[in-house]
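Chemist: After the structure tokens below, expect a handful of questions from me.
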Amino acid sequence: MKERLQELKEEALKKIKDSSNLKDLNDLRVSYLGKKGPITEVLRGMGKLTAEERPKIGALANTIREHIADLITEKREELEAAEVNQKLEAEKIDVTLPGRPVKTGSRHPLTKIVEEIEDLFIGMGYQVAEGPEVEKDYYNFEALNLPKGHPARDMQDSFYITEELLMRTQTSPVQARTMEKHEGKGPIKIICPGKVYRRDNDDATHSHQFTQIEGLVVDENITMADLKGTLDVFAKKMFGEDREIRLRPSFFPFTEPSVEMDISCKICAGSGCRICKQTGWIEILGAGMVHPNVLQMSGFDPKKYTGFAFGMGPERIAMLKYGIDDIRHFYTNDIRFLQQFSVQE
Ligand SMILES: [Zn+2]
């Protein structure tokens, strides 16, 4: 009996020593010190002992129990301390570590240019008008004085969806739609920004999808002088107060007369350089007085109303303004390209 108790003691001490967590330790306590434990089991056999041996075994059993209880308490304190340390270790904050940079997005350079142009014209009393990108042939061409079979349609190779539907090749259909909505009554003062689509092969200066902003003013007594004045204000606000503009005769089916507007080259101040192809001037946009046919088709009386229109490519303006040499940069989503524009804000 004595040996059995000693054995149990050794066994318990080893298990306590090896236990690695509080739950195991608690299980050991229940198992060795509880009423159903092996020590109690052994003591049940005391009846077989002599009266002399009984108190000795009883005392030994108590000593062993106390010893086990002490060890368990000791081990528990040890494990608890270890647990706290582990927790502290895991939650340690190194205040000397540099912070992780927070990545913020930025507005796309084209969005910035478009918004800048919008703000500029809103400041001159214009409203922003938008229209569908999948457009009727009628609004994209016919209402703009480009009947079917007109040679100028070939200048704009189009993505047709059906015979009467296409991806708009210009934002001008928004002008036609706006004029129609006004039912022959002026004034109209709008700019129309948006995406347009043409069957171009993509290269450094061409893209099958690009952006346009067009402007339209229709009212009584609108003249070419109003157009020139407006463009002059635009050019100076957009590119600098020292810029000059010049208008060259051109042709567009929806305006008569038609012009192209150049601004003086900032790089060489007119003496000629690579950017302005040695001319001292840089082409910016096309414009003109709204063709009487266009006014008439949209329900305006060309004897009473006149108007001007202009159209430009924000890509070209952004390229000039930021010195970007390839239009594809706008659409290939290279984060390094885009990040350059977040710095400026
Ligand atoms: Zn130049």
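The values are calculated or read from the model by the stated rules, or taken from the named source; none is laboratory data. All values derive from a computational prediction rather than experimental measurement. With ideal geometry, Cβ positions are generated from the backbone for all residues, glycine too; neighbour counts draw on all protein chains shown. To get the accessible areas, we keep the full protein, side chains included, count just its heavy atoms, and leave off ligands, DNA and RNA. Shrake-Rupley method; radii C 1.70, N 1.55, O 1.52, S 1.80 Å.
Chemist: Scan region 115-135 residue by residue and report those that are of a type in the set (A, V, I, L, M) and open to solvent by 20 Å² or more (accessible area, probe 1.4 Å).
Modeler: 120, 122, 124, 128, 134, listed by residue number.
Chemist: Here's a follow-up. Regarding region 186-197, can at least one residue be identified that is touching a Ser or Thr at 6+ places or on another chain (Cβ under 9 Å) and either free of Cβ contacts under 8 Å to residues at least 24 places away in the same chain or farther than 20 Å from residue 316 by Cβ (or both)?
Modeler: Within region 186-197 (the criterion being touching a Ser or Thr at 6+ places or on another chain (Cβ under 9 Å) and either free of Cβ contacts under 8 Å to residues at least 24 places away in the same chain or farther than 20 Å from residue 316 by Cβ (or both)), the answer is yes, since at least one residue qualifies.
Chemist: Being away from the ligand (no atom under 16 Å from the Cβ) and surrounded by 19 or more Cβ atoms within 10 Å (Cβ to Cβ) is the requirement here; does residue 231 meet it?
Modeler: Taking the combined requirement at face value, the residue satisfies it.
Chemist: Now a separate question. Could you please find all residues in region 293-315 being assigned to a loop (DSSP other than H, G, I, E, B) and surrounded by 15 or more Cβ atoms within 10 Å (Cβ to Cβ)?
Modeler: 298, 300, 305, 313
Chemist: Tally up the residues in region 203-233 that are in contact with a Gly (Cβ under 9 Å, 6 or more places away or on another chain) and under 19 Å from residue 115 (Cα atoms), please.
Modeler: 8
Chemist: Looking at 12, 61, 51, can you tell me which residue is among the small types (Gly, Ala, Ser), free of Cβ contacts under 8 Å to residues at least 40 places away in the same chain and either out of contact with any Gly (no Cβ under 8 Å at 6 or more places or on another chain) or closer than 30 Å to residue 323 by Cβ (or both)?
Modeler: Checking each option against the conditions leaves just 51.
Chemist: Just for strands (runs of 3 or more DSSP E) wholly inside region 156-227: which have at least 3 residues that are open to solvent by less than 10 Å² (accessible area, probe 1.4 Å)? Please lay out each step first, then the result.
Modeler: On the way: elements: 165-167, 188-197, 209-219.
Counting at least 3 such residues, we get 188-197, 209-219.
Chemist: Taking interchain pairs and intrachain pairs at least six residues apart, which have beta carbon atoms under 7 angstrom, with the first residue in region 251-274 and in contact (Cβ under 8 Å) with a residue 24 or more places away in the chain and open to solvent by 20 Å² or more (accessible area, probe 1.4 Å) and the second more than 16 Å from the ligand (Cβ to nearest atom) and part of a loop (DSSP other than H, G, I, E, B)?
Modeler: If the second residue must be more than 16 Å from the ligand (Cβ to nearest atom) and part of a loop (DSSP other than H, G, I, E, B), the pairs left are 254/145; 254/291; 256/291.
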